[in-house]
Amino acid sequence: MKKILLLVCSAMLCTSIQASSFENAKDAVKNMGVGWNLGNTLDAADASKTWTTTEQHEKCWGQPVTKPELMKMMKEAGFGAIRVPVTWYQEMDKDGKVNDAWMNRVKEVVDYVIDNGMYCIINVHHDTGDGTQWLHASTTTYEKVKSKYEYLWKQIAEKFKDYDQKLLFEAYNEMLDDNNRWNEPATNDGYKAINSYAKSFVTTVRNTGGNNKDRNLIVNTYSASSTANAMKALDLPEESGHIIFQLHSYPNWKSESNAKTEIDNLMNNIKANLLNRAPVIIGEYATFTTWPSNIDYYATDKKVAFYAMDYMIKQAKENGIGTFYWMGLSDGESRSLPAFNQADLAQTLIKAYYGNTDGYKYPTEDDFQTVYTVTYDSQWGELFLYGDWNSTAALKLTDYTGIRLELDDDYSGKLQFKIYGDKSGSSYKEDYIPLTAGSKTSEAIFDASKVGSNVYRVTLQTLEEKPSVTAKIIKASLLKKDGTEESGKISKGWGCEVASESMPITGIRSLPFNKTINDDVIYSIQGHRMTTPRKGIYIHNGRKYIAR
């Protein structure tokens, strides 16, 4: 029986556990359930830039700043583990010291995961890769950077040494030799170097003491390759029962039968070459294939994609192998809500593992609405509910009957509708309609006797001489004669400031909405902008591709 001491951490909601021993690696992999990668976020990089804030770094590949609500959503959807890839080199000084702000931001995101009761993996990510990255699978490079690499892991390990068994460390991501070869190195020197890095990592972490003496640690095959040779060449760095092997697998399916064959081959290789020595996780996999074909079976052949995902999860679970889907499921602006943009794929993974999705939640963008907060700073200030000062398009009263407005409170006597109709001389005909007293919902019916046959703009106007009104507009709907509705077009008029946020339709919580910019730029794994991809991994519009 374990002797356990609980320590309440003042800087986070979770508790740390100091134990005579953690659960072993095999149990950890089993208890993780289905995993997901928080990709293109803390692992993002751009070698052409120097960051002044952690937000700039975190957002540089088009993803929003991560919020704790995202991790709550993943937990409620049935996911049990989150891999948080981290790139460090742009946050280190010449001596290898990590910027305190970056280390603390990594800790914040780790806490989001741990506080929701999930397992978390952090690693050294795009410090490895092709091109100019400083970590290469070469014994020559290893000897040059050994001290720096061990110092990096000493800092990480010291920062997190009091965390409990649900936090795991991963030594390095997809490390290549000096020739940037994928799958297998040019010579056995690449394998020798990988094993040296793995040994340095384990020794360094263990020497920091605390819970790191028993923490489950992860080492990857050369380039995280799934070839039999790469698996065989990876040594077990210690006989502790606390080591996990990792590899990655991206598909080359053509049909359900082809997908089954590919997955069967993968499982057989894992069992023959890794699983007989230590537990295994597939740290990255997805429904999309290699650059430049840019095939995503989720978009082009969902039947094959869902079959393959279902089959892979079931086979992995049966063999005690962990799985972490790469980056999709919730991507880009969906993460800000938070919501799933591939809810059906997320459900496929969870159902394959648990047999059903009962009790789990999968919010989508349709479950959210944009809410506007208006603050008035001048008497008679106006917020546009439809149109603007330059509007020429009109709502014809033959088609439209009025407008309905839903607010967060009763603002009768403070705000009113102002309707701009047909021109009369040099000005528009106007009508002023009070909000409904005692209600959060008001309707303004267009009166042809006052505004004519057209409405050019509708505003929400303040009545107060010294305005201090701040109101939330939940919804503005144009009412049509056929009984249907159209959304209004809310924008700033004058004498007010307006901000938007995205809220669940239930109104339970809100988050700022950050729109993702897809600029069509291709980044190398080092963060360099590229015009034409070469062999290797590339980031394009926030997604990861492989050129072989």
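The values are calculated or read from the model by the stated rules, or taken from the named source; none is laboratory data. Here the structure is a predicted model, which means the values were calculated and not measured. All Cβ positions, even for glycine, are placed from backbone atoms using ideal geometry, and neighbour counts span all protein chains on display. Accessible surface is based on the protein model in full, side chains and every heavy atom, while ligands, DNA and RNA are left aside. Shrake-Rupley method; radii C 1.70, N 1.55, O 1.52, S 1.80 Å.
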Part-to-part distance (alpha-carbon centres) for region 81-107 and region 124-185, which is given in Å
13 Å
Crossing angle, helix 100-115 versus the chain [Cα axis fit, 0-90 degrees, rounded to tens]:
80 degrees
Antiparallel as a % of all DSSP beta bridges within region 22-167, to the nearest 5?
10 percent
Region 74-182 - accessible surface per residue (Å², probe 1.4 Å)
31 Å²
With θ taken as phi - 60° and the coefficients 6.51, -1.76 and 1.60, list the Karplus ³J(HN,Hα) couplings across region 194-206 in order, rounded to whole Hz; mark glycine and proline as x.
4, 5, 5, 4, 4, 5, 4, 4, 4, 4, 5, 5, 4
Rounded Å value of the spacing that divides the Cα centres of region 203-241 and region 346-383
40 Å
Hey, any idea what % of region 51-104's accessible area is carbon plus sulfur with a 1.4 Å probe?
50 percent
Long-range HN-HN contacts of residue 323 with modeled amide H, under 5 Å
35, 282
Excluding residues fewer than 8 positions from residue 475 in its own chain, the aspartates and glutamates with Cα under 15 Å of it are 366, 367, 406, 408, 409, 410, 443, 485, 486, 501
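Counting only DSSP beta bridges with both residues in region 240-388, what percent are antiparallel, rounded to the nearest 5?
Looking only at bridges with both residues in region 240-388, the antiparallel portion is about 10 percent.
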Taking every Cα atom in region 288-355, find the radius of gyration and the maximum pairwise distance Dmax, and write them in Å.
12.8, 36
Rule-of-thumb Rg ratio for region 146-247 [Cα; 2.2 N^0.38 Å; N residues]
1.07
Measure off 7 Å from each Cα along the Cα-to-Cβ vector at residue 271 and residue 49, then give the distance between these two points in nanometres to one decimal.
4.7 nm
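Name the shape class, rounded, prolate or oblate, that the alpha-carbon gyration tensor gives for region 53-126, where a ≥ b ≥ c are the square roots of its eigenvalues, rounded holds for a/c under 1.5, and otherwise prolate holds if a/b is larger than b/c and oblate otherwise.
In terms of gyration-tensor shape, prolate.
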What is the projected area of the convex hull of the Cα atoms of region 85-211, averaged over all directions, in nm²?
7.7 nm²
Packing rank of 139-145, 231-237, where each peptide gets the mean count of other beta carbons within 10 Å, highest leading:
231-237, 139-145
Hz values of 3J(HN,Hα) by residue in region 482-497 - Karplus curve (6.51, -1.76, 1.60), Gly and Pro given as x:
7, x, 8, 10, 10, 6, x, 10, 7, 7, 5, x, 9, x, 7, 10
How are the alpha carbon pair distances in region 334-467 distributed across 10 Å bins from zero to the largest one, expressed in percent?
11, 30, 23, 15, 13, 7, 1, 0
Identify the residues of region 257-280 with backbone N under 13 Å of a label point that sits 7 angstrom from the Cα of residue 293 along the Cα-to-Cβ direction, or state none.
258-259
With the other protein chains left in place, how much accessible area per residue, in square angstrom, belongs to region 441-492 at a 1.4 angstrom probe?
49 Å²
So for each of 279-286, 199-206 I average, over its residues, the number of other beta carbons within 10 Å; can you give me the resulting order with the highest mean first?
279-286, 199-206
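Assigning unit charges at the beta carbon (Lys, Arg +1; Asp, Glu -1) and nothing else, what dipole magnitude in debye, to the nearest 20, does the chain show about its Cα centre? Spell out each step's value before the answer.
Details: 63 positive and 69 negative charges, 203 e Å.
With only Lys, Arg, Asp and Glu charged at Cβ, the dipole is about 980 debye.
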Just to confirm the number: angle between the C-alpha axis of helix 139-160 and the first principal axis of the chain, 0 to 90 degrees, nearest 10?
60 degrees
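Quick check on packing: order 116-124, 188-196, 261-269 by the mean number of other C-beta atoms within 10 Å, highest mean leading.
Put in order of decreasing packing, that is 116-124, 188-196, 261-269.
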Within the chain, what percent of beta bridges assigned by DSSP are antiparallel, to the nearest 5?
70 percent
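Can you give me the accessible area per residue for region 238-323, using a 1.4 Å probe, in Å²?
40 Å²
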Please compare each pair in 199/232; 59/302; 72/271; 97/146 to a cut-off of 22 Å on the Cα-Cα distance and tell me which ones are over it.
59/302; 72/271
